[in-house]
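Chemist: The structure that follows is given in the form of structure tokens.
The values are calculated or read from the model by the stated rules, or taken from the named source; none is laboratory data. Here the structure is a predicted model, which means the values were calculated and not measured. Here the Cβ is made from the backbone with ideal geometry for all residues, glycine too, and neighbour counts use every protein chain on show.
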């Protein structure tokens, strides 16, 4: 009785390298589309913080009949920025406030797409965050 020796099938080194190169090319093609999704996710941080600030400003207004420029009076606590070992990518500040309205701003401290422009969002007493400087 003859025993058959099975030849193990496998891939050659050349075939594996070709597959790795093709995967690398596909990843490079997908990166630009993925980076815009990452940038949009980071912009969400600014919108969330500005909406929270708006809620606090509204509550302050109902109590005091005016808006304030002081984040401490509102109870708004700026999260530590990533430059200071925290997780926040936006610095929040109130630009102006009086009895008729307010204007606040969220300024990115990181250039997300490395083009030299920092992302800026603003909100007023109307309560809709708007991007004033896109990144």
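The rows are residues; the columns are (1) in contact with a strand residue (DSSP E or B) (Cβ under 8 Å, 6 or more places away or on another chain); (2) at positive phi.
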residue: 67; (1), (2): yes, no
residue: 72; (1), (2): no, no
residue: 88; (1), (2): yes, no
residue: 94; (1), (2): yes, no
residue: 99; (1), (2): no, no
residue: 105; (1), (2): yes, no
residue: 114; (1), (2): no, yes
residue: 118; (1), (2): yes, no
residue: 133; (1), (2): yes, no
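Chemist: Considering only residues that are surrounded by fewer than 11 Cβ atoms within 10 Å (Cβ to Cβ) and assigned to a loop (DSSP other than H, G, I, E, B), which ones fall in the stretch 60-97?
Modeler: Residues of the stretch 60-97 surrounded by fewer than 11 Cβ atoms within 10 Å (Cβ to Cβ): 62-63, 65, 70, 72, 75, 77, 84-85, 87.
Within the stretch 60-97, 65, 70, 75, 77, 85, 87 qualify.
Chemist: If you don't mind, there's one more thing I want to ask. Among the listed residues 46, 104, which satisfies the condition of being closer than 26 Å to residue 32 by Cα and either surrounded by 15 or more Cβ atoms within 10 Å (Cβ to Cβ) or modelled with pLDDT of 95 or more (or both)?
Modeler: Residue meeting the stated conditions: 46.
Chemist: Continuing with the same structure: Would it be correct to say that residue 12 is surrounded by fewer than 10 Cβ atoms within 10 Å (Cβ to Cβ) and at pLDDT 85 or above?
Modeler: Working: surrounded by fewer than 10 Cβ atoms within 10 Å (Cβ to Cβ): yes; at pLDDT 85 or above: yes.
For residue 12, the condition - surrounded by fewer than 10 Cβ atoms within 10 Å (Cβ to Cβ) and at pLDDT 85 or above - is met.
Chemist: Does the stretch 107-123 hold any residues that are more than 18 Å from residue 41 (Cα to Cα) and either surrounded by 18 or more Cβ atoms within 10 Å (Cβ to Cβ) or within 15 Å of the chain's Cα centre (by Cα) (or both), and which are they?
Modeler: Residue satisfying the conditions is 123 alone.
Chemist: Right, something else. Which one of 10, 24 is assigned to a loop (DSSP other than H, G, I, E, B), free of Cβ contacts under 8 Å to residues at least 12 places away in the same chain and over 30 Å from residue 124 (Cβ atoms)? Give the steps one after another, and end with the answer.
Modeler: Working: 24 fails: assigned to a loop (DSSP other than H, G, I, E, B).
Within the list 10, 24, the selection yields 10.
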